[in-house]
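*Asks:* Following this message is one structure expressed as structure tokens.
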Amino acid sequence: MRLSLRRSSSVLPLAFALGLCALAPESRAGGSPSTAPAPAPAGALPAIAPRTIDGTVGDLLAFRRKTGLIPPQYVQTADFATTGELPVVLRLATPPDAAKLARWAQHGVVLARGGKATASGAYLGTITETGLAYLRGEPGVLQVTNDLAKRLVQPLTGSARETRIQAARRALLAKDGTYLGGAGTKIADIDSGIDLFHPAFFRADGGAFAWVDVNKNGKFDLSTDGIDRDGDGEISPAERLRPLRAGIPDGTETQASPFDAATDWLYLDENGDGARNVGSGFTEATPAFGEPIFLIDDLNGNGTLDSSERLLQLKTSKVAKVNPGSRPYTRGDTKRGLLNYGIALHKNADSLDSASHGTGVSGILVGGEPGRTRLLGLAPEADLLMGVIQDGETALLQWAIDEGSAAILTEYAPYTNEPLDGSSEPEQLLDAAVKAGVVAVSPAGNLAIGKKHRTISVPTGTMVVPLITRPQFAGSPLISATILHRRPLEANGFTVEMQLPDGSKTPLDLPLNGTATPTLANGQSLFSDRHITARNTAFLSYSLVGPVSGNTYAALPRGDYKLILHWTGATPLEVEAYVGDATTSWDDGIGFDTNTANRTVCHPATADRTLGIAAYVLHDEDGYQPWGNAGVLAGYSSRGLRIDGAQAIAFAAPDNPLTTGLTSADDPAAYSPFGGTSGAGPHVAASAALLRQLNPTLDASFLRQRLIDGARKDSFVGAVEDWGTGKLDLAATLGLSNDSTPKPLTITLTATATPVVGSRSTFKAAGANARRFRFDANYDGVWDGPFTTEATVTLPATAEPTAFALRAEGIDDDGNVGGASLQGATVPAPPPAPPPYEGEVGGGCTMHGTPPSTGATGGLSLLAALGVLLGVARKARAISS
């Protein structure tokens, strides 16, 4: 028997049926590769009024009241489960005044941001069950949408070279000495969190420190030599420099042993426990939140610490804020600073494990120190904003806009319970973000091969679609499925039944805009929602949930589930079907018996103006776990047009660089390959930040289009619906490139005269074809200014013999960078010259000058005799690698 539901929620036997309809597709605005959208159906289209209140709002509030839980198809957060305040997005006829805000708050409807609209014109807030009942009678409420984040599905060093960011950097350095690193910009990563204790997430801005050669053997010895921090002339055990190795997996990057200056760090073991301590016991003001840690200022590129080179201390976090969905943790805040977040994260094993994704993404974005570390992010001078998906997705996106982000990167990609047509509130806000000056970037997802999507041509009559539960499904309390189509004129001719493993069938008729949350006799629940989107896509979603067991859910049984599709139309109906569970993401678990790769682009890459990013293989060495040969589109990369025929993929970016991983006592600086379109997305967000660095006032829509137009086509690039315009190419985007092979640049740093007491001392830098230089005249770790054409630096006069140290860097015509350091001491001025000698030489002639018996030492010959200057020439190093 089939029951007819009214618009409001109700509890019924487990079943569902749907009649789905849609209107004409809307093409995506703004420069993605053009593709002809599907034509609109002939004839008049039915008038479909949008629903005012999203039915899932009431369902979620009622379910939470009955069980105290959040359904497993959503991110499990404490706030809603504890308070009963559901995050929502509202559309209002007129802006609310102060009186309305106060009145609504008294009834359980609280608007965020002081009642200020988002960039898309909507309003953010929370609502209780009482508030929902109140809003139903309020005039001027156009729409209320559930904003509880869907279950998190995350699309997981040659990057700078492959994206040609390195070529652009070298060209810009040669042009005017500007380093293309994202300085002055912010990148927002909406993700799973970050392990901000990784050494790669700190800037080397804590000063430069000389080291002491304890055994005076003329070379640096690990765990023997050190820094005289207390100035007592001795190196105590707490002042010895000990290695902190980067945990680089075998088969990826090379790493010198026992220490590699380009990948590793040095630290001081102040408490003598044999490890670098970080987090608990330190303060927000403590450099790098732990025991002192340093990079070698390896100016000559020989991989070790030479006598005139110093150590650069890590100090300031590259993370500006972490927003877990409530009040953000802010860098430097003594009450709610980043240290508080990091400590709390490491105390929660589940949260820390989840943060591995955001940690990897962040390393690609901002990790490492320019010119000093080989494992370098693409925008290492940018600040990072980490938004942790817990409550409201739309609220986090608006936060990123409010913070002045140059780019927003959405590192999540749900494919069930989403319309995938650009109509959702988060998609609309991403479109508005571009108008507000922010480049939006969304990985397309990894759905192409996992048998989680199938395009089904439903014939007239009945069709059975098997759902397979593979071993990885075990333990899942959830089966979530969504069916979409674009046939508006035959809305009521399509119905669905679900057959459970015990053979029972579960029909349920839903009216247009209807929802239901039935509880079954076996304790299972079925959340279902049927409506027509604002872009007239017919939408049905359902989530079968296991019985409530205490404060969690029991697993659903494995076995054969079936979708039984009924269609009364005269011609076949094409539907897009998606299925997922709670224990797997992209493959395995529950799935169809066959797979369709087309139309697998996930939310929110389906927004009109976000850059939907596909992934191609960067590394095909075994250690990187590749999904094909280098250069090809990764097999898993989501592809195809949007359901309305609009272009979804803007272009592709590399997928599997080596990047930062979670830290632990055993691996305090972990690295690992990072695949998936998650690895591709940060390449693009970083590129957007680099564009913003050079073009601080240009419209984001212009920058977005430059990235699309600048993508390159090579022999691997195929269909536009899969690849977009090709492969990310920042050098082409900027019209600024130097693809010559990097070569050694030796810089020398010499005194123009003997540095003597009482006189100013001048030093000159030089190198083959070097045109620009910069200096750190007291070697304190801070460059005195930018690169200029000035090749000399002058130190002030001293009244007595004084030690000095300085360093210089130079750039040649091809953007190669080299450097040198120098240390020594001023010496007493030589005694005044004797009066001219006047004596007879030969036939009585007089010679004026120095008597032959006195001798003369001056200029650089005096320096050589005293041995006070040590010059270190710097070999070529790739400042942009």
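The values are calculated or read from the model by the stated rules, or taken from the named source; none is laboratory data. This is a predicted model, so every value here is computed, not measured. Every residue, glycine as well, gets a Cβ built from its backbone with ideal geometry; the counts of neighbours run over all protein chains shown. Areas reflect the complete protein model, heavy atoms only, side chains present, ligands, DNA and RNA absent. Shrake-Rupley method; radii C 1.70, N 1.55, O 1.52, S 1.80 Å.
*Asks:* Assigning unit charges at the beta carbon (Lys, Arg +1; Asp, Glu -1) and nothing else, what dipole magnitude in debye, to the nearest 20, does the chain show about its Cα centre? Intermediate values should be presented prior to the final figure.
*Replies:* Details: 73 positive and 90 negative charges, 513 e Å.
Computed charge dipole of the chain: roughly 2460 debye.
*Asks:* Assigning unit charges at the beta carbon (Lys, Arg +1; Asp, Glu -1) and nothing else, what dipole magnitude in debye, to the nearest 20, does the stretch 360-462 show about its Cα centre?
*Replies:* 620
*Asks:* Please report the spacing between the Cα centers of the stretch 739-760 and the stretch 519-552 in Å, no decimals.
*Replies:* Between the Cα centre of the stretch 739-760 and that of the stretch 519-552, the gap is 71 Å.
*Asks:* Taking K and R as +1 and D and E as -1, what net charge do the other residues with C-beta under 13 Å from the C-beta of Val75 add up to?
*Replies:* Summing Lys and Arg as +1 and Asp and Glu as -1 gives -4.
*Asks:* Where a ≥ b ≥ c are the square roots of the eigenvalues of the C-alpha gyration tensor, would you call the stretch 94-168 rounded, which needs a/c under 1.5, or, failing that, prolate if a/b is larger than b/c, or oblate?
*Replies:* Taking the square roots of the gyration eigenvalues as a ≥ b ≥ c, the stretch 94-168 is prolate.
*Asks:* So which trypsin sites (Lys or Arg not before Pro) in the stretch 287-374 pass both tests, a DSSP loop state and at most 15 other Cβ atoms within 10 Å of the Cβ?
*Replies:* Lys335, Arg336
*Asks:* When we measure straight from the Cα of Lys216, which aspartates and glutamates land under 12 angstrom away, once same-chain ones fewer than 8 places off are left out?
*Replies:* Asp225
*Asks:* Can you find, among Gly231, Leu132, Val89, the residue farthest towards the positive end of the dipole of the chain? Put +1 on the C-beta of Lys and Arg, -1 on that of Asp and Glu.
*Replies:* Comparing the listed Cα positions along the dipole, Leu132 ranks first.
*Asks:* To make sure I understand the rule: partners must be aspartates and glutamates, Cα under 20 Å from the Cα of Lys186, and not fewer than 8 residues away in the same chain. Which ones qualify?
*Replies:* Asp195, Asp205, Asp333, Glu369, Glu381, Asp383, Glu393, Asp402, Glu403, Glu411, Asp431, Asp699
*Asks:* Also: Quick one: Karplus J couplings for the stretch 131-140, per residue in order, coefficients 6.51, -1.76, 1.60, θ = phi - 60°, nearest Hz, x for Gly and Pro?
*Replies:* Using θ = phi - 60°, the values come out as x, 4, 4, 5, 5, 4, x, 8, x, x Hz.
*Asks:* Please report the carbon-and-sulfur percent of the accessible area for the stretch 163-207; probe 1.4 Å, protein heavy atoms only, DNA, RNA and ligands left out.
*Replies:* Carbon and sulfur: 47 percent of the exposed surface of the stretch 163-207.
*Asks:* Considering amide H positions built from the backbone, and no H for Pro or chain starts, which residues 5 or more places from Arg772, or on another chain, come under 5 Å of its amide H?
*Replies:* Ile811
*Asks:* Three principal axis extents, largest first, for the C-alpha atoms of the stretch 214-292, in Å?
*Replies:* Principal axes ranked by extent give 44, 38, 20 Å for the Cα atoms.
*Asks:* Taking H placed 1.01 Å from N in the peptide plane, check which residues at least 5 places from Leu573 or on another chain put their amide H under 5 Å from its amide H.
*Replies:* So Leu573 has HN proximity to Val458.
*Asks:* Mean projection of the alpha-carbon convex hull of the stretch 585-724 over all orientations, in nm²? Walk me through the numbers on the way to the answer.
*Replies:* On the way: hull surface 44.9 nm².
So the mean shadow area of the Cα hull is 11.2 nm².
*Asks:* Using alpha-carbon positions, what is the distance between the centroids of the stretch 413-485 and the stretch 710-730, in Å?
*Replies:* 24
*Asks:* Less than 12 Å Cβ to Cβ from Val144, Lys/Arg counted +1 and Asp/Glu -1: what total charge do the surrounding residues give?
*Replies:* That works out to -1.
*Asks:* Pick out, from Met463, Leu397, Leu478, the residue whose Cα sits farthest towards the positive end of the charge dipole of the stretch 342-487, with +1 on the Cβ of Lys and Arg and -1 on the Cβ of Asp and Glu.
*Replies:* About the Cα centre, the residue reaching furthest to the positive side is Met463.
*Asks:* Next question. Which of His566, Asn302, Val684 sits farthest toward the positive end of the charge dipole of the chain, with +1 on the Cβ of Lys and Arg and -1 on the Cβ of Asp and Glu?
*Replies:* The one lying farthest along the dipole's positive direction is His566.
*Asks:* Another question about this same structure. What are the ³J(HN,Hα) values, in whole Hz, obtained from phi via the Karplus relation 6.51 cos²θ - 1.76 cosθ + 1.60 with θ = phi - 60°, for each residue of the stretch 113-120 in sequence order, with x given for Gly and Pro?
*Replies:* Once θ is set to phi - 60°, the couplings for the stretch 113-120 become 6, x, x, 7, 5, 6, 4, 8 Hz.
*Asks:* Collect residues whose amide H, placed 1.01 Å from N in the peptide plane, falls under 5 Å from the amide H of Tyr616; neighbours closer than 5 in sequence don't count.
*Replies:* Ala634, Ala653, Asp655
*Asks:* Another question, then. Cα-Cα over 28 Å: which of Lys315/Lys335; Lys318/Lys452; Lys219/Lys315; Lys435/Lys727; Lys175/Lys727?
*Replies:* Over 28 Å apart, Cα to Cα: Lys318/Lys452.
*Asks:* Through the Karplus equation 6.51 cos²θ - 1.76 cosθ + 1.60, θ set to phi - 60°, convert the phi angles of the stretch 316-321 into ³J(HN,Hα) values in whole Hz; use x for Gly and Pro.
*Replies:* Result, ordered by residue: 8, 5, 7, 8, 7, 8 Hz.
*Asks:* Okay, next question. If each of Thr788 and Asp714 carries a label point 7 Å out from its Cα toward its Cβ, how far apart are those two points in nm?
*Replies:* 4.1
*Asks:* Here is a further query. On a C-alpha basis, how far is the centre of the stretch 369-386 from the centre of the stretch 571-601 in Å? Whole number, if you could?
*Replies:* The stretch 369-386 and the stretch 571-601 have Cα centres spaced 37 Å from each other.
*Asks:* What value, in deg cm²/dmol to 500, does the helix sum -39500 (n - 2.57) over DSSP H runs of n ≥ 4 give at 222 nm once divided by the residues of the chain?
*Replies:* For the chain, the value works out to -5000 deg cm²/dmol.
*Asks:* If R₀ is 41 angstrom, what is the calculated FRET efficiency for the pair Arg229 and Ala349, using the beta carbon separation as r and rounding to 0.05?
*Replies:* Numbers: r = 35 Å, r/R0 = 0.86.
E(calc), rounded to 0.05, equals 0.70.
*Asks:* To continue, here is another question. What chymotrypsin sites (Phe, Trp or Tyr not before Pro) does the stretch 717-817 have in DSSP loop regions with at most 14 other beta carbons within 10 Å?
*Replies:* Qualifying residues, ordered by number: Trp783.
*Asks:* Quick one: grab Rg to one decimal and Dmax as a whole number for the stretch 648-705, Cα atoms only, in Å.
*Replies:* Reported Rg and Dmax, both Å: 15.4, 47.
*Asks:* Run the dipole for the stretch 653-758 about the Cα centre, Lys and Arg Cβ at +1, Asp and Glu Cβ at -1, nothing else charged, and hand back the magnitude in debye, nearest 20.
*Replies:* For the stretch 653-758, the charge dipole is close to 400 debye.
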